[in-house]
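The values are calculated or read from the model by the stated rules, or taken from the named source; none is laboratory data. Because the structure is a prediction, the values reported are computed rather than measured. Cβ coordinates were reconstructed from backbone atoms using ideal geometry, including for glycine residues, and neighbour counts include every protein chain displayed.
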Amino acid sequence: AWWKDKVCYSLAQEPHASRWQNAAEYAAKCIQVFSEDFGMYTYHKMIVADARDGMEYPMLTLDGGEDPQYRGLLVHEIGHNWFFGQVGNNETYRALLDEGFTQFLTAWGLIKIDGDYLVENKDINKYKAHFETPTKAIDSRVYFAYINDATKYNDPVISTHSDHFDGALGHGGGYRHVYYKTAAMLYNLQYVLGDELFLDAMKHYFATWKIAHPYNEDFRNSIIQYTKVDLNWFFDQWLETTKRIDYSVKVKDNVVTFNRKSGMQMPIDFRVIAKNGDTHDYHIPNNWFIKKTDATVLAKWHGWDLLHPEYSTTIDVPSGIAEVIIDPTNRLADAYMPDNNSKCNTTYSFDHQLWQYPDWKNYEVKYRPDVWWNNYDGMKVGLNLNGGYMNHHHLIDATVWFNTGTLQKDSILNPNDYDYYSYRLAYNTNLDNITLNSRLKIKSQFIAGLYTNKISIKKSDGKGNNKLTVDFLSLYRTNGDYLINKAWDLRKMNNRIDVDLEHNYKYGYGNGKLNLELRSSSLGSAYDYNTLSLSAKNNNKVEKLKITTRAFFQIGTGSNWAEESKLGLAGANNEELMNSKFTQADGFVTSDDMNYAYTTNHFHSGGGLNLRGYTGYLAPEFNADSTIASFNYNGTSGGAFNTEIDFTAYLPYSIRRNNIASYLFADAGIITSEQLTKENYKESFSDLRVDAGIGFTYTFRNFGPLEMVNPLVIRFDMPLFLNRAPASDDDFVQMRWLIGINRAL
């Protein structure tokens, strides 16, 4: 394909040739757009090669994919022939002049060639096709990635040597923002200067430094000298700091008030929508320069950081102000967009459970039906609302169910005493204004006869390797008919403070997590107990084997223990069972599966000491005269070591492709309900119990078109060996089996 005297070739591998038919023509369009908008292409040709890669050279690009998915890649790699191929930047020293400018060209070229929205194949699945929403090129190539980090105060200083982004590889350590933050900067420079002056200034920079070698200072000086505008305030903010844009707007009567909530200053374009539907555009300069605009220019707002953070103006609109919108063009890269509209930028949509990028321009609220069942409530029919901004701010998850009593279990003793409603409310937001990498979580729910209220505060280090969590928890049960087993007293407050310190680490052949947790009864509790526990879980890779180990130890004290919070010998206690919808109430798992007896049963839920082979077993300890001294199915102190050796990689592919995994397991532990002292700690614990066997999991992922539904892992374990088998068992080694949901470790 040709554009003027420039020839474009596409070289495609034969198996891909049918999907590369437009590659040369598309390359010619790229040459045309960039030549006309930024400066004439110096070279005589361009080759786009099907090399399953993404790499640029003068007059040659290596590209993968097919049409239309490869269009963004073609535009990007061809764009590199302007910024480094003609303007020869030092990518190692300052990659922003290379990758950042080209990322800007990527969005620019896609928009000029294909329009505002990406060209994408329509999904053949009717459900997905129905809910698909078009993606703006500028969002996918620039704004989403930048705002996603800027809203978390996680964007770096981009005027940085390429090797100095925390020494990370690839796009890690913030390096990716030499692409996205730079591209956002250029669009915001366009917003500051106005479209015409910006484009002329970019042409001047290209013409000045074509076939030359500029640095950041040369770019800044070129733009400033051409525009004759002092833009040092702009470039200092974007290139040399981690400041971010964050404005808000409020309206009272005819007074419009703007607030600068973060450190970066910018001029403000805003639109007033009158109550009669008329629109009025205004511009607030932040310096003496006023861009070419048809908007009404208001008094200058001169301020930065803590200086003049607020600006008010009176707008004379006869019919009254209905709404005020900051920057209706959506170029201002504001890190928190919901308050850029006096009515709050909010969208409401059906929660279709398909993956999508978060909407950086709006707070999103989604709704969907929620149906569940248990033996006592019968069918639970409800509505779920969930929402948030960029998966970081003010996240909500609320569900209300109306319990119908339909399809109850026939043998229910009090079939009309079920709770007529259930609810779950959860709120989760950052505390960035107080301290970074911290979150506040509030949860309240009434499900299966249990009121649960919880406030959590979590603080992490910058890399997420160390976390401190403080939980304030309250449990209050009003109805025991829902219980799978009856180990829970009614109408007693179980109030507690939990403190958990977590450390994540990596080593040559794996990774691990260390948790130190303190739990203590608090004010208003009907109980008095405390625990200190330490756990270490490691995931190792030896050849094709995946080896998971867990070491756990707990010391408990107290004069009045909550039965539901005791340490389980075989698995989860009743408090932990409430964390899974499958075990919250008698239903999918019944009391027959979970009650304790003199033999083991066939359902296991991971937790506690996790000696899975003893699930459902009362685990009696005997006196010297063979009378029962205690039942050790739960306790207050204990320790365990668990391991699983996953050998799935050695299974035939015909098995692995069906989402079946297999592993060997072994668990060993001791437990006691006695109060430990320095005199009795050696004699207080039970004898060591051990189990071992083989297990399998099946992971069900086929939820049709639904992409956001978590896989369901069904576990089948065979604890073939028990060193302290129940008296009803024939031998230490025999066939035993149990099922569970999710892996035990």
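General observations
- For the stretch 446-459, the set of residues classified as closer than 30 Å to LYS152 by Cβ and surrounded by fewer than 18 Cβ atoms within 10 Å (Cβ to Cβ) consists of ASN453, LYS454, ILE455, SER456, ILE457, LYS459, listed by residue number.
- Among residues of the stretch 467-482, those that are buried (at least 16 other Cβ atoms within 10 Å of the Cβ) and either in contact with a Leu (Cβ under 9 Å, 6 or more places away or on another chain) or assigned by TED's automatic domain parsing to the domain that holds ALA150 (or both), counted: 8
- Of all residues in the stretch 196-220, those that are of a type in the set (D, E, K, R) and touching a residue at least 60 places away in the same chain (Cβ under 8 Å) total 3.
- Only one of the listed residues (LEU523, LEU475) is more than 32 Å from the chain's Cα centre (by Cα) and either polar (S, T, N, Q) or at negative phi (or both). That residue is LEU523.
- Checked against (1) part of a helix (DSSP H, G or I); (2) touching a residue at least 24 places away in the same chain (Cβ under 8 Å), TYR41 passes all but condition (1).
- Among the residues of the stretch 249-266, those identified as closer than 28 Å to LEU189 by Cβ, in a loop (DSSP other than H, G, I, E, B) and not hydroxyl-bearing (Ser, Thr, Tyr) are LYS261, GLY263, MET264, GLN265, MET266.
- Lone qualifier among PHE270, PHE234 - being assigned by TED's automatic domain parsing to the domain that holds VAL178 and of a type in the set (Phe, Trp, Tyr): PHE234
- Picking from residues in the stretch 138-159 that are in a loop (DSSP other than H, G, I, E, B) and touching a residue at least 60 places away in the same chain (Cβ under 8 Å), the one that is nearest to GLY109 (Cα to Cα) is ILE158.
- Scanning the stretch 333-376 for residues that are assigned to a strand (DSSP E or B) and within 25 Å of GLY704 (Cα to Cα) yields a total of 14.
- Check on ASP397, charged (D, E, K, R), in contact with a strand residue (DSSP E or B) (Cβ under 6 Å, 6 or more places away or on another chain), within 23 Å of LEU577 (Cα to Cα) and not assigned by TED's automatic domain parsing to the domain that holds PHE703: yes
- Which numbered condition GLN225 misses (of (1) surrounded by fewer than 17 Cβ atoms within 10 Å (Cβ to Cβ); (2) within 22 Å of PRO156 (Cβ to Cβ)): (2)
- Matching residues, the stretch 67-95, being assigned to a loop (DSSP other than H, G, I, E, B) and either more than 21 Å from TYR205 (Cα to Cα) or in contact with a Ser or Thr (Cβ under 6 Å, 6 or more places away or on another chain) (or both): ASP67, PRO68, GLN69, TYR70, HIS80, PHE83, GLN86, THR92
- Put simply, of GLY558, GLY608 the only residue that is surrounded by fewer than 17 Cβ atoms within 10 Å (Cβ to Cβ), at positive phi and either touching a residue at least 40 places away in the same chain (Cβ under 8 Å) or in a strand (DSSP E or B) (or both) is GLY558.
- The single condition among (1) farther than 25 Å from ILE741 by Cβ; (2) in a loop (DSSP other than H, G, I, E, B) that THR531 does not satisfy is (2).
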